[in-house]
Structure formats: structure tokens, C-alpha cells
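Please read the structure below before turning to the comments.
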Amino acid sequence: MSGKFVDFMRERYSQLIVAALLLGLVSGGWSPAPGRFIRRFAFALVFLMIGAMGFSLRLRSLGRALKETKAFVLGLALNFAAAPLICWVLSVLWLADAPDLAAGLILIGAVPCAGMAIVWTGLLKGDVPLATVINAATMIAAPFLIPLLMQLFAGAYLAVEVGVLFAGVLESVLVPLVVGLLVREILERRRDMTPWVPWMPALSGAAAVILMFMAVNTSVPLLRANLAVLGPLAAALVFVFPILFVAAWAIGRSFLSPEKNIALTFSSGMKNLPIAVAVAALSLPELAQFAVALAFVFQMATAVVFYRRMQRVPSGANRAAPSKGSP
């Protein structure tokens, strides 16, 4: 039974996300009560979601970053410099009159890379260790950078109190992440926890689906009152992920081998939207949550397009000339 649950979540996660989005929209048309009820347990769901991500990491994996300096630095720069800047530019172009949605869009750029990027990298026979390192490093850096990035880019839209936001991110991201990571390290001293690792993305994904429903369901009343901004929001989201993917791919193509470029592209093009939902649910206005929730659909669609495109790229077709000292 456990294996069936893990397989179901891995194979049907994207469909479940879309189903939660649609169900949230439909049910929110009648009443936001279901989402408000779930909100009572939002912190527990967030803790489960992030804690499970932390359990999937190992401290020793970060040491690999020292051997992948170029790709590692590119991954951090794309995630925490290019992505929030791109989202800010799109917010200025499309959402200047919708500050809550603009803040949600910028939050998408400020969060770390998605854990699913490791899966996509593996399916394309890319450099999975590199994708894992970028994922782990951005997860650990995110609690410290998200408040600063939100103040820098979203301060014009909302009164961002860095101390308050940092406390919220610390409580909702860093603490459960560290707890999950330390629990794994402690238990590993007694027995091999590898058989339990596949459970973690499944549990994290289940919590993310519930939080997605909550975010959309409670946002519908506000969305009804702001229907005019739905078009600009969709227009902005259409561009976010293709730009992130193309920018990462183009940069990686110039400096990295094809395998490392696959890891960089998906680790920089895909953002950890469940964390964005969690931060928005605990720290931002409800309408900002809708921007994040809707982004799931656009991110998944873009990832599928790039997955199919990169499947057709011949091996070595975009290989850069190795520099001295390159692995």
C-alpha cells in the first residue's frame, strides 16, 4: 500500500495540482469556508511539507558544490538574482496596478529551486548530483534571502517588514527544513534510512496539494472583486518560466557540458512553488496566494515543453569546450 501511495504521488502530482486548482476555484465560488478551515492547520501542513524536503537532503551532499564551483555559482545567481529581477520586471509591465498579485509574482522569483528539478534532470540523464547540490544550497539559503529580496523588489507594492517576514520564513521554512535534515542525520547513525526517502516527496507533495486548494479557495472572493487583473496576471505568468528556462539553458550552453546544462536549466527554470504558497499563506495578502497557485500550471507546462525539447537534442550537440580544470 505504501508503495502505491508513493508511486501515485510521483506519477500524478501534476494532475493533482491542477485538480486542486480547479476544485479550489469551483468550491470558492460557493464558499471560502473549506479553505479557511484548512488554514487552521496551515502551519502543520507547511511543517510537514518542508520537513519532508529536509529529510530528503544530506549534509555531505553540499560538499559536492566545491567540485562544481562554476555550475553551482551559476545556479545560485540564476535563482536568487536573475529570477527575482525577471519577476520584478514583469510585475512592473503587467501588474503595477495590482500590488498584491505583483508581490506574489516576485515571491515566485525569490524562492529556491524546485525539488522536482532533480527528477526531470534524472529522466533526461543529466547531472543529478549537481541538481541535488543546487537544490540543497538554495533551500538552505532561501530563508535568509527571501525577506531581503522581497523588501528589495516588492517594497514598492507592499510594506515589507524584513524582521517580521524573516521571522515568518524562519518559522515556516528554515526550522522545519533543519529539523527534517537533522532527524535524517540522527537516524542514519542507527539504520539506513534510504528506504524511507521516497516517502518524503510523496508526503511533501500531498501537503502541497492541500495548501494549493486552501490558497485558491480562499482567494476566489477577492479574485471576483478584481477580475480585471486576471488577464494581466496570466500574461505575466506566461512569460516567467519560459524566460527562466531559456536564460538558464543559454548560459549553461556556453559554459557547461550537456549533462550539467540539463541540471542547471531545470534547477533554475523551476521554482519551489509549494514554499511560495507557504510563505504567501503565512505572510502575504490572500490575493498574492492566487498568483502563486496559478503559477503551478504555467511552470508545469513549460517544464514539459523543455523536457520534450531536450529529449530531442543529440548527445554532445551543445557541449561547450571544457576549460582547464573542468571535471
Inset, instruction - Would you point out which residue out of 131, 137, 159, 225 is more than 30 Å from residue 29 (Cβ to Cβ) and without any contact (Cβ under 8 Å) to a residue 12 or more places away in the chain? - result: 159
Legend entry - Matching option when the condition is surrounded by fewer than 16 Cβ atoms within 10 Å (Cβ to Cβ), under 21 Å from residue 83 (Cβ atoms), out of contact with any Lys or Arg (no Cβ under 6 Å at 6 or more places or on another chain) and not hydrophobic (A, V, I, L, M, F, W, C), among 155, 163, 168: 155
Inset, instruction - Please name all residue pairs, on different chains or six or more residues apart, with Cβ atoms under 7 Å, provided the first residue is in segment 165-184 and is at pLDDT below 80 and the second residue is of a type in the set (Ser, Thr, Tyr) and in a helix (DSSP H, G or I). - result: 168/283
Legend entry - Restricting segment 1-44 to residues that are part of a loop (DSSP other than H, G, I, E, B) and more than 22 Å from the chain's Cα centre (by Cα), the residue that is modelled with the lowest pLDDT: 1
Inset, instruction - Inspect all residues belonging to segment 250-264 and state whether any of them is in contact (Cβ under 8 Å) with a residue 24 or more places away in the chain, of a type in the set (A, V, I, L, M, F, W, C), surrounded by fewer than 18 Cβ atoms within 10 Å (Cβ to Cβ) and part of a helix (DSSP H, G or I). - result: yes
Inset, instruction - Answer yes or no as to whether residue 117 is closer than 20 Å to residue 75 by Cα and under 18 Å from the mean Cα position of the chain (by Cα). - result: yes
Inset, instruction - For segment 75-91, enumerate the residues that are under 16 Å from the mean Cα position of the chain (by Cα) and of a type in the set (Val, Ile, Thr). - result: 86
Inset, instruction - Could you tell me whether any residue of segment 216-230 is modelled with pLDDT of 90 or more, among the hydrophobic types (A, V, I, L, M, F, W, C), surrounded by 23 or more Cβ atoms within 10 Å (Cβ to Cβ) and on the phi < 0 side of the Ramachandran plot? - result: no
Legend entry - Filter pass, residue 240 being of a type in the set (Val, Ile, Thr), part of a helix (DSSP H, G or I) and at pLDDT below 85: no
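The values are calculated or read from the model by the stated rules, or taken from the named source; none is laboratory data. Just so we're clear, the structure is a prediction, and the values are computed from it rather than from any experiment. As a convention, Cβ positions derive from the backbone with ideal geometry for all residues, glycine included, and neighbour counts pool all protein chains shown.
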